[in-house]
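Asker: The structure follows.
Throughout, read-outs are computed from the coordinates displayed, never taken from laboratory work. Worth saying up front: this structure is predicted, and the values here are computed from it rather than measured. Cβ coordinates were reconstructed from backbone atoms using ideal geometry, including for glycine residues, and neighbour counts include every protein chain displayed.
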Amino acid sequence: MLNALTPAAAAAAGRPRRPFRHWRSALLLVPFCVLLALFCLAPLGWVVLHSVQGDDGPGFGHFREILASPFYRLAFINSLYISLWSSGCGLLIALIGAASLRRVPGRLRNAVVAFTNMTSNLAGVPLAFAFVIVIGTNGALTLLLRQWGWIDDFHLYSKGGLCLIYTYFQIPLGVLLLYPAFDALDDDWQQASALLGARLWQYWWHVALPVIAPAIFGTFILLFANAMGAYASAYALTTGNFNLITVRIASLVSGDIFLEPDLAAALSVLLTLLLVLVCTVNQMLLKRSYRAR
Amino acid sequence: MRADLYHRLVVAALVALLAVPVLATLAYSLAGNWGATILPDSFSVRWYLQLWHDPRFLSAFGHSLLISVATLLLSTLVIVPAVFVVFYRFPALDRTMNLLILLPFAVPPVVSSVGLLQLYADGPLPLVGTPWILIGCYFTIALPFMYRTLADSLRGMNLHDLMDAAHLLGASTPRAFLLVVAPNLRTGLMASLFLSFSFLLGEFVFANILVGTRYETLQVYLYSVRMTSGHFTSAIVMSYFVFTLVLTWFATRLGKQESQA
Amino acid sequence: MSYVNVTGLARRFGGTTVFENVGFSLDKGEFVTLLGPSGCGKSTLLRCLAGLSRPDAGRIVVAGDDITDSVPQRRGIGMVFQNYALFPTMTVAANIGFGLRMQRLPADDIERKLATVIDLVELRGKESHYPHQLSGGQRQRVALARALVVEPRILLLDEPLSALDARIRANLREQIRDIQRRLDLTTLFVTHDQEEAMILSDRIFVMDKGKIVQADAAETVYTQPATEFVARFMGSCNLLDAAACTRLFGHGIDGHLAIRPESIELLAAAEAGADDLPATIRQHQLLGNVIRYQVESRGTVLLVDRLNRGRDDLLPRGSEVGLRIRREDMREVG
């Protein structure tokens, strides 16, 4: 970083400032900016503008409508419920897995990381189908468990089923995000704490967890945001019949009936604000962690 | 030794957990008939034969490949010079760029597609329903990965020293970039391209909402045949999975080369 | 009966033996250095004493307790790690007080002990700093204080000075030795730096390929190396094989003859007697207060150190000189 800055700084000090000195170089940024504007900034801008666009002039009518409607409130609650549960469970499994992954021989570790990487690609529609095969009404595992008498029936197409499938796609992401964080743990710390009289759990509680806490929290936020914005698996599994916030947004713009893009925009703004809020809290907590002090 | 065993068991459990859906799908795709029993009755490859002779599947797969390759070509042509210019001429911009490339990452595709659908349904740019809009959207999906990887490579080399040395030896800036800097970016770029490729092949939201069956991609096709035989869909899922497996394998191999270099 | 007794200690990793049949004893309050090149097994030996690595054979007895199978928590051993292993999320005070908190001491006891040890290592005013805000030397002293405050029976130091630059290293060396004497603490210090070992230690254990090859006072190890390895490792040394011996002194030898460069006297050719060796100056090297000559005598090149007394004293290349070597400065090594 510093290295890259110095020549520019030296140049700026050496001659009079000419802000457009590199205008030809700047031309190379134009296609980049155009594409980003057309396919990311413009649609986002449209969404923000139209969320406050009522039938008769600007106003917050759509937001009031959403907040007053039990249907949309339920969509938010369902999305939050599934996202929180799946991020929590996924994070826990990933945490235990990543901690152990660091303790197995290098070759095995590399193979498992590569495998995890591949399964992280199994998401969306293909994942939904895979789950139907395993734990659908006539899935192999459902039949097995039913035969053993462990379950009466399992509804993959319900809240519980969605939690399960979301958790599944959170695990590889969690492992891949958390695994590098464990490299920050120095083996000597555990030994030093043992010599100072600490038990294994005391080491984890007092020494290791505080070090990796920011990474754990950051991973949780990413998993949560990922789950809140997810659409394909739920849509493929329930053909859009489960009331999630992303399913609602999509059906308001591409459904067969009741197209209400402005309302979809308002829902989108609420969803995005929620994600921004969560990320900001994460950033604030991160700043309070020991490294920043 | 006891701790060692525990860690191996945990890792094995993790792998088993992640492998269950994959293995089940594989078994299902190879099963001749698998009704309401726990294990299949017989095995055959006929679902794969049927799949690879289905013109609709082949055309959807072709569409997906075409769109992905076009996107990655466009992204390479646009992002590589942009990153270079940022690092060489406007290093102060790097912070802004890092925030900008987070946007497509942070905004769920469902949200962007609300705006895209309205903006490009008609008017001066009637892109909805055409593959062009997907190429644009997929550019934003590939952007964060590619920018990050390229920026890391550039940060890791002495860009200004390399360029100065090439200039002193008589190369113009574009030639210096092509002959001196670009070869150093190659492995990183390839790794991020393979990674993005597997992401793009799995993309469903944009494809379904913005284009749908008007230019059917692999995922949309997969969704639309959900009512046909489960064995058949399993064969599609496995074909797709093996394909991405190869892609990620290439990506990790290149990534390893990068870290060794 | 010594304070620490180690007998028949062995450690293997897979098929390779790190060390085997290692035995030694330490007296109470003794400062002993384990000296050897990297990979000789000295760090592993230290970790076995600390209980961080399990020996495959042998016993470790401290003050009459057999601690061979104790967990590290119960050994009463303090250790300073090479890279200090300070806990990054804890302040200086929290790092040093960690061991006391693990013992569940009352808060005012902890306060009192903390205050004493912080004064001892001269870190007053830094209590609420975090490790990353400290210099290397300060971190080192935090690590030392953390190991000392729990009043260990033995203090182990694993190359604690190797990450510091020369001036701080010399300073801290003094401080460590000073504290160790004041607390009368039995200390085992691991290093690969022979100079450090000679300055600090009551005794030096020289380790080579998993064996302690010599265990003696610093002067003895230097002047009377037990093996060729020790002679080479402790400073520079002329090692002569049988052929060179025959050429120079007219009689052969089993093994090698070790002669320190500073024990050879350079004489002007005119002063040389019948017992002295005739020689020619080939090269010289300025080492500061010492000039090291490469001198050839009867087809053998020897290193000879002489105090640097100024320009006029320098012997030019090609000068004919005499070499006087006293019988007692020649040592046969295996």
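Asker: With N set to the residue count of chain B, report its C-alpha Rg divided by 2.2 N^0.38 Å to two decimal places.
Answerer: Taking N as the residue count of chain B, the ratio is 1.24.
Asker: So, counting K/R as plus one and D/E as minus one, what does the shell of residues with Cβ under 12 Å around C:VAL230 add up to?
Answerer: My count for the surroundings of C:VAL230 gives 0.
Asker: Given the DSSP H assignment, sum -39500 (n - 2.57) over each helix run of at least 4 residues in chain B and divide by its residue total; what's the result at 222 nm in deg cm²/dmol, nearest 500?
Answerer: Helices in chain B give a 222 nm mean residue ellipticity of -24000 deg cm²/dmol.
Asker: Give me B:VAL20, A:VAL207, C:VAL213 ranked fewest to most by other Cβ atoms within 10 Å of their Cβ, as a rough exposure proxy.
Answerer: B:VAL20, C:VAL213, A:VAL207
Asker: For C:ARG104 and C:ALA63, FRET efficiency with R0 = 22 Å and r from the beta-carbon atoms, rounded to 0.05?
Answerer: Calculated value: 0.40.
Asker: At 7 Å along Cα-to-Cβ for each site, give me the label-to-label distance between B:THR213 and C:GLN224 in nm.
Answerer: 10.0 nm
Asker: Work out the mean other chain Cβ neighbour count within 10 Å for the residues of B:210-223 and drop it here as an integer.
Answerer: That average works out to 2.
Asker: Could you work out how much longer the chain between C:PHE249 and C:ARG298 gets when fully extended? Use 0.36 nm per residue separation minus the Cα distance between them, nm to one decimal.
Answerer: Fully extending the segment from C:PHE249 to C:ARG298 adds 16.7 nm.
Asker: Let me ask something else. Order by neighbour count: A:PHE76, A:PHE39, fewest other Cβ atoms within 10 Å first, most last.
Answerer: So the ranking, lowest neighbour count to highest, is A:PHE76, A:PHE39.
Asker: Turning to a different aspect of this structure: In chain C, which longest range has no trypsin sites (Lys or Arg not before Pro) that are both DSSP loop (not H, G, I, E or B) and surrounded by at most 15 other Cβ atoms within 10 Å?
Answerer: C:210-297
Asker: Another one. Sort B:HIS231, B:HIS53, B:HIS7 so the one with the fewest other Cβ atoms within 10 Å of its own Cβ comes first.
Answerer: Neighbour counts put them in this order, fewest first: B:HIS53, B:HIS7, B:HIS231.
Asker: Using the Cα centre of the stretch B:48-260 as the reference point, and only Cβ charges (+1 on K/R, -1 on D/E), how large is the resulting charge dipole? Debye, rounded to the nearest 20.
Answerer: Here the size comes out at about 140 debye.
Asker: Using a Gaussian network model of chain C whose springs link C-alpha atoms within less than 10 Å, name the residue from C:PHE31, C:PHE87, C:PHE233 with the highest mean-square fluctuation.
Answerer: With Cα springs under 10 Å in chain C, the top fluctuation among C:PHE31, C:PHE87, C:PHE233 is at C:PHE87.
Asker: Output the relative contact order of the stretch A:154-293, whole-number percent, from Cα pairs under 8 angstrom with separation of 6+ residues.
Answerer: The value is 20 percent.
Asker: Please report the relative contact order for the stretch C:87-192, taking Cα pairs under 8 Å with a sequence separation of at least 6, and give it as a percent rounded to a whole number.
Answerer: Relative contact order here is 30 percent.
Asker: Any idea how many Lys pairs in the protein assembly as shown come in under 27 angstrom at the alpha carbon, given 8 or more places apart or on separate chains?
Answerer: 7
Asker: Compute, for the protein assembly as shown, the length of the dipole vector about the Cα centre, with Cβ point charges of +1 (Lys, Arg) and -1 (Asp, Glu) only. Units Debye, rounded to 20.
Answerer: The calculation lands at about 960 debye.
Asker: Can you classify the protein assembly as shown as rounded, prolate or oblate using the Cα gyration tensor, where a ≥ b ≥ c are the square roots of its eigenvalues, rounded means a/c under 1.5, and otherwise it's prolate if a/b beats b/c and oblate if not?
Answerer: prolate
Asker: Would you work out if chain C is rounded, prolate or oblate? Take a ≥ b ≥ c from the square roots of the eigenvalues of the alpha-carbon gyration tensor; rounded if a/c is under 1.5, else prolate when a/b is larger than b/c, oblate otherwise.
Answerer: Prolate.
Asker: Among DSSP beta bridges lying fully in the protein assembly as shown, give the percent that are antiparallel, nearest 5.
Answerer: 75 percent
Asker: Also, I was wondering about something else. Rounded, prolate or oblate, given the Cα gyration tensor of the stretch A:62-292, with a/c below 1.5 counting as rounded?
Answerer: Because a/c hits 1.5 or more and a/b fails to exceed b/c, the stretch A:62-292 counts as oblate.
Asker: Here's another thing I want to ask about it. Under a plain spin-label model, where a point goes 7 Å from the Cα along Cα-to-Cβ, how far apart in nm are B:LEU99 and C:THR280?
Answerer: Going by the 7 Å Cα→Cβ label model, 7.8 nm.
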